[in-house]
Amino acid sequence: MNIVLIGGKLLVVVLGLLIAYQGYRAYRRQQSRPMLFTSVGFLFLSLGSAIDCSLLAQMNLKSPLSGLIQTCVLTTGMIFVLHSIYR
(Lines give C-alpha, C1' and ligand atoms only; values in the text may rest on other atoms or scores of the structure.)
Protein backbone atom coordinates (compact mmCIF):
# COMPACT_ATOMS: atom_id res chain seq x y z
CA MET A 1 0.00 0.00 0.00
CA ASN A 2 1.22 3.47 -0.85
CA ILE A 3 2.63 5.46 2.07
CA VAL A 4 0.70 8.58 0.99
CA LEU A 5 -2.56 6.62 1.04
CA ILE A 6 -1.80 5.24 4.50
CA GLY A 7 -0.96 8.74 5.74
CA GLY A 8 -4.17 10.13 4.28
CA LYS A 9 -6.28 7.39 5.86
CA LEU A 10 -4.55 7.93 9.19
CA LEU A 11 -5.20 11.67 8.99
CA VAL A 12 -8.91 11.07 8.26
CA VAL A 13 -9.21 8.68 11.20
CA VAL A 14 -7.42 11.04 13.60
CA LEU A 15 -9.51 14.05 12.56
CA GLY A 16 -12.74 12.03 12.78
CA LEU A 17 -11.86 10.74 16.23
CA LEU A 18 -10.97 14.27 17.35
CA ILE A 19 -14.36 15.54 16.15
CA ALA A 20 -16.10 12.61 17.87
CA TYR A 21 -14.24 13.33 21.11
CA GLN A 22 -15.08 17.04 21.03
CA GLY A 23 -18.71 16.20 20.31
CA TYR A 24 -18.76 13.86 23.29
CA ARG A 25 -17.24 16.55 25.50
CA ALA A 26 -19.93 18.98 24.34
CA TYR A 27 -22.58 16.36 25.14
CA ARG A 28 -21.20 15.91 28.66
CA ARG A 29 -20.98 19.65 29.25
CA GLN A 30 -24.42 20.61 27.96
CA GLN A 31 -26.34 17.31 28.12
CA SER A 32 -27.25 17.80 24.46
CA ARG A 33 -28.37 14.48 22.98
CA PRO A 34 -27.89 15.69 19.38
CA MET A 35 -24.21 16.19 20.17
CA LEU A 36 -24.02 12.60 21.38
CA PHE A 37 -25.53 11.36 18.10
CA THR A 38 -23.13 13.58 16.13
CA SER A 39 -20.21 12.20 18.11
CA VAL A 40 -21.22 8.58 17.51
CA GLY A 41 -21.85 9.34 13.83
CA PHE A 42 -18.37 10.78 13.34
CA LEU A 43 -16.89 7.81 15.16
CA PHE A 44 -18.51 5.46 12.63
CA LEU A 45 -17.57 7.70 9.69
CA SER A 46 -13.93 7.95 10.68
CA LEU A 47 -13.56 4.24 11.29
CA GLY A 48 -15.50 3.34 8.16
CA SER A 49 -13.27 5.48 5.99
CA ALA A 50 -10.19 3.48 6.94
CA ILE A 51 -11.81 0.06 7.03
CA ASP A 52 -11.75 -0.66 3.31
CA CYS A 53 -8.08 -1.11 2.57
CA SER A 54 -6.54 -1.40 6.00
CA LEU A 55 -8.34 -3.73 8.35
CA LEU A 56 -10.24 -5.83 5.85
CA ALA A 57 -7.18 -6.42 3.66
CA GLN A 58 -5.43 -7.92 6.66
CA MET A 59 -8.38 -10.25 7.27
CA ASN A 60 -8.23 -11.50 3.64
CA LEU A 61 -11.90 -10.77 2.96
CA LYS A 62 -13.06 -10.73 -0.62
CA SER A 63 -13.58 -7.31 -2.20
CA PRO A 64 -17.41 -7.32 -2.42
CA LEU A 65 -17.71 -8.33 1.22
CA SER A 66 -15.26 -5.69 2.38
CA GLY A 67 -17.10 -3.08 0.33
CA LEU A 68 -20.38 -4.13 1.90
CA ILE A 69 -18.96 -3.89 5.42
CA GLN A 70 -17.50 -0.45 4.74
CA THR A 71 -20.77 0.76 3.24
CA CYS A 72 -22.74 -0.47 6.26
CA VAL A 73 -20.38 1.26 8.71
CA LEU A 74 -20.45 4.54 6.76
CA THR A 75 -24.24 4.39 6.39
CA THR A 76 -24.61 3.87 10.12
CA GLY A 77 -22.47 6.93 10.79
CA MET A 78 -24.47 9.05 8.36
CA ILE A 79 -27.74 7.92 9.96
CA PHE A 80 -26.47 9.03 13.39
CA VAL A 81 -25.40 12.44 12.05
CA LEU A 82 -28.68 12.86 10.17
CA HIS A 83 -30.62 11.94 13.30
CA SER A 84 -28.72 14.56 15.27
CA ILE A 85 -29.64 17.24 12.72
CA TYR A 86 -33.35 16.45 12.83
CA ARG A 87 -33.47 16.08 16.62
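The values are calculated or read from the model by the stated rules, or taken from the named source; none is laboratory data. In this text, all values refer to a predicted model and were calculated from it rather than measured experimentally. The area values use the complete protein model at the heavy-atom level, side chains included, leaving out ligands, DNA and RNA. Shrake-Rupley method; radii C 1.70, N 1.55, O 1.52, S 1.80 Å.
What to note about this one:
- Given a 1.4 Å probe and the protein chains as shown, Ile85 ends up with an accessible area of around 120 Å².
- Nonpolar atom fraction for the chain, defined as the carbon and sulfur part of the 1.4 Å probe accessible area, stands at 70 percent.
- 1.4 Å probe accessible area per residue over the chain, in Å²: 69 Å²
- Taking all Cα pairs closer than 8 Å and separated by 6 or more residues, the relative contact order of the chain comes to 34 percent.
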